[in-house]
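Q: One structure, as structure tokens, below. Some questions next.
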Amino acid sequence: MSLIRRSLLASLLLTLAACSTVKRESVPGVDPTPRPEQPTAPSVEKPADGPVPIDRPRTVISSALQPSTFARVPGWSADAQSEAWSAFLSSCTILTRRPDWRKPCDAAKRVNGKDDAAVRSFFESNFTPYQVNNADGTQTGMVTGYYEPLLRGARKRGGVYQTPLHRAPDDLLTIDFTSIYPDLKGQNLRGKLVGKKVVAYPGRAELMRTKALVGREIVWVDDAVEAFFLQVQGSGRIELPHGEVIRVAYADQNGQPYKSIGKYLIDKGEMTMDQASMQGIKAWVAANPARQEELLSANPRYIFFSEEKITDPSVGPKGAMGLPLTPQRSIAVDPAFIPLGAPVFLSTTQPNSKVPMQRLMLAQDTGSAIKNPVRADFFWGFGAQAGEMAGRMKQRGNMWVLLPKP
């Protein structure tokens, strides 16, 4: 790419507030990833028009992954790996398209998935663990949590139902430069056409002030703060007045950068880093209702949803692979370093605790705040209890990726 083309493209990227399209943000409202920690390669995260593409010849092993042994993985022999078996088989439905995954995924069909010893033996026979390392050589990173919330809503505005959740607007453009600049694969822009010019799509505050989304409402919910955190999660369930429950799933976003409202409160001196959990932010809003709009508008990104029927309440929302997430066995990772779909052994601690939590997970999701190699977002599941755990989770941890033996 010529210098002139790069300069023009850089200007356009800045103008449109470019970013990789992802399904959701980080849960607590604070992006705990250290900003100067290390540069990251462009991530291939979930585009708006489908799951993350993984149909490649073979899995690429990044320089962040160093071969290890199962004997060096703390807690490996103590975990009930059978609890992750269904999630692994789900990953195999897509990973088996790759030649290096066909053999282990075929072998998995002959394993008794309810037998921990059999499952453990399967992984030890077919996989090599790779410890995940940061660019500076450290092996510890941040582990946060997320969940699928339940909100109360109605099809029509009225009474307590005053906060809308919107479908993507018709004038929202997604600009993909891949055909012109292949090195920008996975990098999409958001904007809209004004005359003959493409301009940045409005931020949250302007969208709300100008009523630009009138007519695009899916439902109206009874709590603006819960609606904000639903956008952070990327999907959730809405209980309607007569008992029907629907799911709203991530459809698109306005292309504006994600700004942490937790960090906004910290910078304003309203709370400390330790207080900036989801629960802490909700408590601050309850104590400062007049400043609610100020706080929510500090994040210009706005998420649009699509409606999905729930045929089986036990099935979780879809992650970046297009597969349902498994509570406490699915995580979001940075796919620039960790192959989506791969088993990942996570060694961390319970939320707000030093009690070890060491278990086999599946890397089945991504998130815009999930950057750097040793970085994970732990999916806790559905409902209030899952939300309590997710909102308080901001732990340190280590990770090992399991990849097929040559």
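The values are calculated or read from the model by the stated rules, or taken from the named source; none is laboratory data. If you're wondering where the values come from, they're calculated on a predicted model, not measured in any experiment. Cβ sites come from the backbone with ideal geometry, for glycine too, and all protein chains shown count toward neighbours.
Q: Do the conditions hold for VAL225, that is, is it outside any loop (DSSP other than H, G, I, E, B), touching a residue at least 60 places away in the same chain (Cβ under 8 Å) and more than 21 Å from the chain's Cα centre (by Cα)?
A: Working: outside any loop (DSSP other than H, G, I, E, B): yes; touching a residue at least 60 places away in the same chain (Cβ under 8 Å): yes; more than 21 Å from the chain's Cα centre (by Cα): no.
Against the criterion (outside any loop (DSSP other than H, G, I, E, B), touching a residue at least 60 places away in the same chain (Cβ under 8 Å) and more than 21 Å from the chain's Cα centre (by Cα)), VAL225 does not qualify.
Q: I've got another one for you. May I ask you to list the residues in segment 157-215 that are among the basic types (Lys, Arg) and either at pLDDT 95 or above or out of contact with any Leu (no Cβ under 9 Å at 6 or more places or on another chain) (or both)? Break it down stepwise before answering.
A: First, pick out the residues of segment 157-215 that are among the basic types (Lys, Arg): 157, 167, 185, 190, 192, 196-197, 204, 209, 211.
If the condition is that a residue be among the basic types (Lys, Arg) and either at pLDDT 95 or above or out of contact with any Leu (no Cβ under 9 Å at 6 or more places or on another chain) (or both), then ARG157, ARG167, LYS185, LYS196, LYS197, ARG204, ARG209, LYS211 are the ones that fit.
Q: For segment 62-74, indicate whether the set of residues that are surrounded by fewer than 19 Cβ atoms within 10 Å (Cβ to Cβ), in contact with a Phe, Trp or Tyr (Cβ under 8 Å, 6 or more places away or on another chain) and either without any contact (Cβ under 8 Å) to a residue 40 or more places away in the chain or in a loop (DSSP other than H, G, I, E, B) (or both) is non-empty. Can you show your working first?
A: Step one: filter segment 62-74 for residues surrounded by fewer than 19 Cβ atoms within 10 Å (Cβ to Cβ), giving 62-63, 66-72, 74.
Still in the running and in contact with a Phe, Trp or Tyr (Cβ under 8 Å, 6 or more places away or on another chain): 62, 66-68, 70.
With the extra rule that they be either without any contact (Cβ under 8 Å) to a residue 40 or more places away in the chain or in a loop (DSSP other than H, G, I, E, B) (or both), the set shrinks to 62, 68.
Looking for residues that are surrounded by fewer than 19 Cβ atoms within 10 Å (Cβ to Cβ), in contact with a Phe, Trp or Tyr (Cβ under 8 Å, 6 or more places away or on another chain) and either without any contact (Cβ under 8 Å) to a residue 40 or more places away in the chain or in a loop (DSSP other than H, G, I, E, B) (or both), one finds at least one in segment 62-74, hence yes.
Q: With the checklist (1) closer than 13 Å to SER91 by Cβ; (2) within 14 Å of the chain's Cα centre (by Cα); (3) surrounded by 24 or more Cβ atoms within 10 Å (Cβ to Cβ) in hand, flag the one item LEU360 doesn't pass.
A: (2)
Q: For segment 347-357, state whether one or more residues are more than 19 Å from the chain's Cα centre (by Cα) and among the hydrophobic types (A, V, I, L, M, F, W, C). Full working, then the answer.
A: Within segment 347-357, the first condition is being more than 19 Å from the chain's Cα centre (by Cα), and the residues that meet it are 347, 349-350, 352-357.
Checking which are among the hydrophobic types (A, V, I, L, M, F, W, C) leaves us with 355, 357.
Looking for residues that are more than 19 Å from the chain's Cα centre (by Cα) and among the hydrophobic types (A, V, I, L, M, F, W, C), one finds at least one in segment 347-357, hence yes.
Q: For PRO257, work out the one condition from (1) surrounded by fewer than 17 Cβ atoms within 10 Å (Cβ to Cβ); (2) of a type outside the set (Ser, Thr, Tyr); (3) on the phi > 0 side of the Ramachandran plot it doesn't fulfil.
A: (3)
Q: Test of understanding: among LEU173, LEU240, which residue is without any contact (Cβ under 8 Å) to a residue 60 or more places away in the chain and of a type outside the set (Gly, Ala, Ser)? Full working, then the answer.
A: Values: LEU240 fails: without any contact (Cβ under 8 Å) to a residue 60 or more places away in the chain.
Only one candidate qualifies: LEU173.
Q: Right, next: Within segment 384-393, identify whether any single residue is buried (at least 24 other Cβ atoms within 10 Å of the Cβ) and either under 19 Å from GLN131 (Cβ atoms) or touching a Ser or Thr at 6+ places or on another chain (Cβ under 6 Å) (or both), and answer yes or no. Steps first, please.
A: Within segment 384-393, the first condition is being buried (at least 24 other Cβ atoms within 10 Å of the Cβ), and the residues that meet it are 387, 390-391, 393.
From what's left, either under 19 Å from GLN131 (Cβ atoms) or touching a Ser or Thr at 6+ places or on another chain (Cβ under 6 Å) (or both): 391, 393.
Yes: segment 384-393 contains one or more residues that are buried (at least 24 other Cβ atoms within 10 Å of the Cβ) and either under 19 Å from GLN131 (Cβ atoms) or touching a Ser or Thr at 6+ places or on another chain (Cβ under 6 Å) (or both).
Q: Within segment 364-383, take every residue that is of a type in the set (Gly, Ala, Ser) and more than 13 Å from ILE338 (Cβ to Cβ) and give me the one that is surrounded by the fewest Cβ atoms within 10 Å (Cβ to Cβ).
A: Per the criteria, the residue is GLY383.
Q: Tell me which of these LYS309 doesn't satisfy, since it passes every other one: (1) under 21 Å from the mean Cα position of the chain (by Cα); (2) touching a residue at least 12 places away in the same chain (Cβ under 8 Å).
A: Of (1) under 21 Å from the mean Cα position of the chain (by Cα); (2) touching a residue at least 12 places away in the same chain (Cβ under 8 Å), only one is false for LYS309: (1).
Q: Taking segment 109-152, which residues are in a helix (DSSP H, G or I) and in contact with a helix residue (DSSP H, G or I) (Cβ under 6 Å, 6 or more places away or on another chain)? Talk me through it step by step, then tell me what you get.
A: First, pick out the residues of segment 109-152 that are in a helix (DSSP H, G or I): 116-126.
Answer for segment 109-152, where residues must be in a helix (DSSP H, G or I) and in contact with a helix residue (DSSP H, G or I) (Cβ under 6 Å, 6 or more places away or on another chain): ASP116, VAL119, ARG120, GLU124, ASN126.
Q: State yes or no: is VAL232 in contact with a strand residue (DSSP E or B) (Cβ under 9 Å, 6 or more places away or on another chain), at pLDDT below 95 and among the hydrophobic types (A, V, I, L, M, F, W, C)?
A: Taking the combined requirement at face value, the residue satisfies it.
Q: I'd like the residue in segment 82-110 that is β-branched (Val, Ile, Thr) and surrounded by fewer than 20 Cβ atoms within 10 Å (Cβ to Cβ) and, out of all such residues, is nearest to the chain's Cα centre (by Cα). Break it down stepwise before answering.
A: Looking only at segment 82-110, we keep the residues that are β-branched (Val, Ile, Thr), and these are 93-94, 96.
Keeping just the survivors that are surrounded by fewer than 20 Cβ atoms within 10 Å (Cβ to Cβ) gives 93, 96.
Numbers: THR93: 21, THR96: 23 Å.
Step by step, filter segment 82-110, then rank; the result is THR93.
Q: Additional query: Of the conditions (1) among the polar types (S, T, N, Q); (2) surrounded by fewer than 20 Cβ atoms within 10 Å (Cβ to Cβ); (3) part of a helix (DSSP H, G or I), GLN231 satisfies every one except a single condition; which number is it?
A: The number of the failed condition is (2).
Q: Follow-up. Quickly run through segment 286-334 and pick out the residues that are closer than 21 Å to ALA386 by Cα and of a type in the set (Lys, Arg).
A: LYS318, ARG329
Q: Inside segment 176-219, can you point out the residues that are touching a residue at least 12 places away in the same chain (Cβ under 8 Å) and acidic (Asp, Glu)?
A: Scanning segment 176-219 gives ASP176, ASP183, GLU217.
Q: Inspect segment 336-353 for any residue being out of contact with any Leu (no Cβ under 7 Å at 6 or more places or on another chain), more than 23 Å from SER121 (Cβ to Cβ) and either part of a helix (DSSP H, G or I) or basic (Lys, Arg) (or both) and give the result as yes or no.
A: no
Q: Looking only at residues that are in a loop (DSSP other than H, G, I, E, B) and either among the small types (Gly, Ala, Ser) or at pLDDT 95 or above (or both) in segment 355-371, which one is farthest from GLN253 (Cα to Cα)? Show your work before the answer.
A: Here is the first cut: in segment 355-371, the residues in a loop (DSSP other than H, G, I, E, B) are 355, 366-371.
Checking which are either among the small types (Gly, Ala, Ser) or at pLDDT 95 or above (or both) leaves us with 355, 367-369.
Values: VAL355: 37, GLY367: 13, SER368: 12, ALA369: 15 Å.
Among residues in segment 355-371 that are in a loop (DSSP other than H, G, I, E, B) and either among the small types (Gly, Ala, Ser) or at pLDDT 95 or above (or both), the one farthest from GLN253 (Cα to Cα) is VAL355.
Q: Please work out if PHE123 is buried (at least 21 other Cβ atoms within 10 Å of the Cβ) and at pLDDT 95 or above.
A: Values: buried (at least 21 other Cβ atoms within 10 Å of the Cβ): yes; at pLDDT 95 or above: yes.
When the stated conditions are applied, PHE123 passes them.
Q: Report, ordered by the first and then the second residue, all pairs with beta carbons closer than 7 Å, sequence separation of six or more or different chains, a first member in segment 319-334 that is within 9 Å of THR366 (Cα to Cα), and a second member that is aromatic (Phe, Trp, Tyr) and buried (at least 24 other Cβ atoms within 10 Å of the Cβ).
A: These pairs meet every condition: ILE331/PHE378; ILE331/PHE379.
Q: Let me ask something else. Could you list, in sequence order, all residues of segment 187-206 that are crowded, with 18+ Cβ neighbours inside 10 Å and within 24 Å of the chain's Cα centre (by Cα)?
A: Initially, segment 187-206 is screened for residues crowded, with 18+ Cβ neighbours inside 10 Å, giving 187-192, 200-204.
Within segment 187-206, GLN187, ASN188, LEU189, ARG190, GLY191, ALA200, TYR201, PRO202, GLY203, ARG204 qualify.
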